[in-house]
Structures are given as C-alpha cells and as structure tokens.
Amino acid sequence: MPAPPLQDRDPRREYDQARQTCPVQRQAGKVIVYGHPEVTEVVTQPELFSSAVSRFRQLPNGLDGAEHQQWRALTDPYLMDPENLREVEHLARQVMREVLGGLTLPATVEAVSDLGARYAVRVQLRWLGWQADLEGQLLDWVQENRRASRSGDHAWTGRVAEAFDAIIRGELARRRGQERDDVTARLMNEQGSGRPLQDEALVSVLRNWTSGDLGSLALCAGVIVAFLAEHAEVQARLRAGVTTQEFDAALDEILRMDDPFVANRRVALRDTRLGGVAVARGEVVQVNWTAANRDPRVFADPDAFCPAKHAPDNLVYGLGPHACPGRALSTLELHVFTEELLRATHSVTWAAASTRELPPGGGYATVVVRLA
Ligand code: HEM
C-alpha cells in the first residue's frame, strides 16, 4: 500500500527552505543555525559557544569545560558500560515481546504511542529499577509534555517539567533507607566531591536520562516504523537478516533523513561571525540538527538512503564534547524494538494517514500501520 497523504504540514520542508535561504538566521531574538558546516562550527567550539544556557542547573548538558568533563566521567559508564548494555538488551527484548504479545495479528496500531512510548517507558522503568506502577503516570506525562511543547506556552512547559521532577523526587524518597541494587541505587551512592550526590543533582541527572529519552525514543520508533512501511525493499532486507552493524547503520540513516531530535541551544561567549552573520556576545544560538542532517552541501541527495556513505557526517547523536552519551543505549533499544517488530510480523504497511509532530518536536505525532 502506498504512503497515505500527510494530513498536515511537514516542518522538515520548512527547515529545508530556511536553510536554502540562509544557513544562519536571526529569528525572534535567537540565532538559528540550519546548515551542517555551521552547526558543526558551533558544537565543536565550546570555548566560543557555551552550553550554560538555562537558568536551571542541568547535569551534564548545561555545563562547560572541566566541570562538564567530571560529570560526564561520573555518569557516562551507566550508559555505555558493556555489562549494563547487555542487561538492557535482555530486558528490552522481554518488554518488546510483552508489548507485541498484547496484539492479535493482523492489527492496526499507532506506532508512536502504542508501541514506541509504551516500550520506552517500560524499558526505562525496569532499567532504572523504578516501580512498575509509574508506567501510566509516565505515559500520561509523555503525552502532556508533547502537548505543552507544541503550545509554546512557557508556563505550561514549566509546570510539566516540574511534574516530572516531582515523579523523580517521589521515587528517590521512597528508596531512602532501603537496600537496593539497581541503577538508581548505584547512582544514589555515587560520591561527588567526596560525599553522596544531593537530591538536586540526582534529579537533574535522572531527568536527562529519562525525560529526554522517553520522548525522543518514542519519536525515533515512529520515524523508523513509518520508513519501513514506506520502503518495502529496506524492510525486506532487514527481515532477511543482516549483521548488527548493517542493521544499526540503517537505523542511524533513517533517523538522519528525518531527525526527530530537533534542536539544542548554546550562548555566544564573544562577539563572532557565523555563516556570514554577526553574532553578539550573550546571544542565544540554536542549532537545528534536523535541518543540518538534510544539508545538500554535505548529503548531495538528502532523501537518498545511503547508510555507509552518510554515516561519517550524520549528526543525529550530536558532535563535540556534548555528543550524546546515550547513543549506544538508544541504538540498542531501537535495534531490539525494530528486530522484534519484524520478527513478530510478516509485513508492516500503512493503515491510515500519518500526522507530523509540530515544532519544537520532530518526526511524527502519529504513525498508523497495519501489522500482519
Ligand atoms: C533516542 C534517541 C536520542 C537522540 C536522537 C539523542 C540525541 C542527543 C543529542 C543530539 C545530544 C547533543 C546535545 C547538545 O549538543 O547540546 C544529546 C545529548 C545527551 N543525551 Fe541523547 N539522544 C538520544 C537518547 C538518549 C538516551 C537514551 C540518553 C540516556 C539514557 C541520552 C542522554 C543524553 C545526555 C545526558 C546528553 C547531554 C550530554 C552532554 O551535554 O554532555 N540521550 N543527545
């Protein structure tokens, strides 16, 4: 079945257009960077573009320099350690089989919420060792967060962020005095500057691992399912059995063409020039990964599926000192998600029109497919 028409606008076309007009633009008091070389310039020069953009302390993403490196050294092993990753693979497979086991095929499903968000939330809860009964609350939070982000209402997004912190604080409070051996317990026992991490630091680290991940993983899952429904030949190739490297390279390339993790911010530390535009010290600079990943100056045909050729320039997981430490973890989760989906079905095809997520989000709001 051919792709049904999109019901609404596709912001990627707007980013493509903007980048073509000028790769660096000033909009609503911000400098927006759409071009691949210019985004690369920003994120690889932390001495010129600082990550300390928010008035809230954000660990490690709001830090610069030596302090940033110390926090990365403390928290990276949780996300990258091969033993941790083996544990995640095992529980992710269990979770995806449960999620798919609840369906009677053939079935029509909405891939972002019914598959992606459900899977991401359940894997996170088990990985972190949190109470299973938080699942409903976190799924509601993912939906509310997307609605608030779309609205552009800062008071609403602030309340939603606070609600998430409250969930984390509740989980930390419940654990005090308990003997546990899981990822959260290990983090709570970490020594920062010779003493256990304070709640404020724990909440910030856990917020980074969870709130970003839950939303972006579900959106990544939606983009992958939509691509497979649209490209029967790639679906057939992945079904036929390919190496892990080829499988993961295909997922990275699908996400490059339609990167749902749209933007991050920096602040200029000195007056400078970027892509011919003057940037003043103190100005906020927003890098648009989605636009940069489709820059024809680097990817001659941005919509061509060429995993090997495009891999070296793919910016889905960022670049420079703040590049995503969760890359191996999320690649693993997306690999298991896709592999189990293909194993449980003979075909994934479009069932109804899909809808795009609106800025500041990316990817799809809904992907309705038929699993048979
Ligand atoms: C699901 C797909 C994901 C995508 C597309 C993604 C993408 C990114 C990108 C582009 C950055 C760079 C931000 C910047 O330069 O300002 C980043 C940073 C980060 N990501 Fe991810 N990420 C994903 C999943 C995850 C997961 C699963 C985790 C952890 C469980 C995670 C944790 C982080 C953290 C802590 C940072 C901040 C690093 C720093 O500032 O040093 N991400 N991510």
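Positive contributions from Lys and Arg (+1) and negative ones from Asp and Glu (-1), summed over other residues with Cβ under 15 Å from the Cβ of T349, come out at -1. Note: relative contact order over the chain, using C-alpha pairs below 8 Å and six or more positions apart, is 32 percent.
What does the C-alpha gyration tensor say about the overall shape of segment 22-111? Classify as rounded when a/c is under 1.5, otherwise prolate if a/b is larger than b/c, or oblate. Oblate. Heavy atoms of the protein chains alone define the surface here; on that basis the chain has 45 Å² accessible area per residue at 1.4 Å probe size. Taking every full run of DSSP H in the chain, the ones that stretch at least 18 Å from end to end by Cα along their long axis and average 0.5 or higher on the Kyte-Doolittle scale are 199-230. Taking the charge dipole of segment 187-340 about its Cα centre, with +1 at Lys and Arg Cβ atoms and -1 at Asp and Glu Cβ atoms, the residue from T338, C306, V203 reaching farthest to the positive side is V203.
Does segment 11-371 come out rounded, prolate or oblate by the C-alpha gyration tensor, with a ≥ b ≥ c the root eigenvalues, rounded set by a/c under 1.5 and, if not, prolate when a/b is larger than b/c and oblate if not? Oblate, because a/c is 1.5 or more while a/b does not exceed b/c.
At 1.4 Å probe size, with the rest of the protein present, what percent of the exposed accessible area of segment 1-132 is carbon and sulfur atoms? Kindly include the intermediate steps, with their values, before the conclusion.
Working: 3350 of 6490 Å².
Carbon-and-sulfur percentage of accessible area, whole number: 52.
Taking the Cα centre of the chain as reference, the dipole from Cβ charges on Lys and Arg (+1) and Asp and Glu (-1) amounts to some 620 debye. At 1.4 Å probe size, with the rest of the protein present, what percent of the exposed accessible area of segment 203-273 is carbon and sulfur atoms? Solvent-exposed carbon and sulfur of segment 203-273 make up 52 percent of the total. Between L274 and residues 5 or more places away or on another chain, which pairs have amide H atoms under 5 Å apart, with H built 1.01 Å from N, and which residues are they? Residues meeting the amide H criterion: V279. Comparing P77, P359, P23 in a Gaussian network model of the chain where C-alpha atoms under 10 Å apart are linked, the largest mean-square fluctuation is found at P77.
The values are calculated or read from the model by the stated rules, or taken from the named source; none is laboratory data. What you see is a predicted model; the values in this text were computed from it and never measured. Ideal geometry is used to build each Cβ from the backbone, glycine not excepted, and the neighbour counts take in all protein chains shown. Ligands, DNA and RNA are stripped out before the accessible areas are found, and what is left, the full protein with its side chains, is counted by its heavy atoms. Shrake-Rupley method; radii C 1.70, N 1.55, O 1.52, S 1.80 Å.
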